[in-house]
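The values are calculated or read from the model by the stated rules, or taken from the named source; none is laboratory data. These numbers come from a predicted model, not from an experiment. FYI the Cβ positions are ideal-geometry reconstructions off the backbone, even for glycines, and counts take in every protein chain you see. With ligands, DNA and RNA removed, areas are computed over all heavy atoms of the protein, side chains included. Shrake-Rupley method; radii C 1.70, N 1.55, O 1.52, S 1.80 Å.
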Amino acid sequence: MCLYLQADFGFNEHHQNELINYMRFAHSKRALRLKTIDSCFQDLKDSRLMEETYTVDEVSDMLDGLQVLVRGEVEMELINTAHTNALLLQQLFSQAEKFYLRLQTDISELENRELLEQVAEFEKTDFKANSKVNQESSKPKLAPLNEGGVSELLQKEISRLQEDNDKLKARLRTLESQAMSTLDEKSKAERALKDLQKSQGDQQSAIHAQEITTLEGTVAEMQADFEKTLNANIASQKDLQDSLVSAKHDLLRVQEQLSLAEKELEKKFQQTASYRNMKEILTKKNEQIKDLRKRLQRYSITLYIMTITEM
């Protein structure tokens, strides 16, 4: 089921589960409203259809009353659906604006029959059998949509840093495994040391004690090296994030300066002699056109009067 939705819409697992939750919500609201409409018809049957024959006026009156009830229920559901969708978009837009993103919607795609049929086909399937959605402690963050420049670079750097973190976690697991193995060896060596102390005396015990000390020193060096590498990567990641945020702010400032420069250039152009001459020529032409229209109007009136006089 999940593979079908991912292949058609291109969602990741998290967004896939979010869509399933929303469709479950919409399905439950629709089912509740349909039950209400069914109850309207049932109430009509129970309260009005008590006789075997009715006049045309009585049937018309019952149908009019039923129409008002059903129309009210359908209108309420449509309004509620529109308001619910508006709240959903408000959540998405609020999350996007926190990361300086500008989401775009294509209203024409909402009537795309092919896409609507895909959604209907998915709803017909047993999406309730999907695994439970993972409940996150914090709200999810949106990824940039159709943005380039600094935003695209920021996303690439975040992906790269995530890969580095995954590698560090893998290395941490390897080091932990090595440390556990070393501790096991240490435990074995300690047991062997006790056995040797009983059998061979203090001299052999001192030799094994020195080996244990060496092993402990090796483990300590490995732990210190790992902590140093991890701290260096964390500092590098923070510097990169700060640099990318600063670059985003610089880009917004340059765009604002460019807009001000364009407005200033347009203002200077309006103050040039060419612009003023062109404006004077257009003004004269407009006056000539107005004069010609007045003369033509007077000529038409004169011609009309002469025609009436001849008649």
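Residues to consider are 206, 170, 129; find the one that is farther than 30 Å from residue 249 by Cα and at pLDDT 85 or above.
Details: 206 fails: at pLDDT 85 or above; 129 fails: at pLDDT 85 or above.
Just a single option satisfies the conditions, and that option is 170.
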Of residues in region 192-203 being open to solvent by less than 80 Å² (accessible area, probe 1.4 Å) and in a helix (DSSP H, G or I), the one modelled with the lowest pLDDT
196
Taking region 27-75 and keeping residues among the acidic types (Asp, Glu) and closer than 30 Å to residue 121 by Cα leaves 38, 73, 75
Within region 35-45, does at least one residue satisfy the condition of being open to solvent by 80 Å² or more (accessible area, probe 1.4 Å), at pLDDT below 85 and either charged (D, E, K, R) or touching a strand residue (DSSP E or B) at 6+ places or on another chain (Cβ under 9 Å) (or both)?
yes
Just to be sure before I move on: is residue 115 without any contact (Cβ under 8 Å) to a residue 40 or more places away in the chain and open to solvent by 80 Å² or more (accessible area, probe 1.4 Å) in the structure I sent?
no
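Quick check, is residue 106 exposed (fewer than 10 other Cβ atoms within 10 Å of the Cβ), under 30 Å from residue 249 (Cβ atoms) and not hydrophobic (A, V, I, L, M, F, W, C)? Talk me through it step by step, then tell me what you get.
Values: exposed (fewer than 10 other Cβ atoms within 10 Å of the Cβ): yes; under 30 Å from residue 249 (Cβ atoms): yes; not hydrophobic (A, V, I, L, M, F, W, C): yes.
Against the criterion (exposed (fewer than 10 other Cβ atoms within 10 Å of the Cβ), under 30 Å from residue 249 (Cβ atoms) and not hydrophobic (A, V, I, L, M, F, W, C)), residue 106 qualifies.
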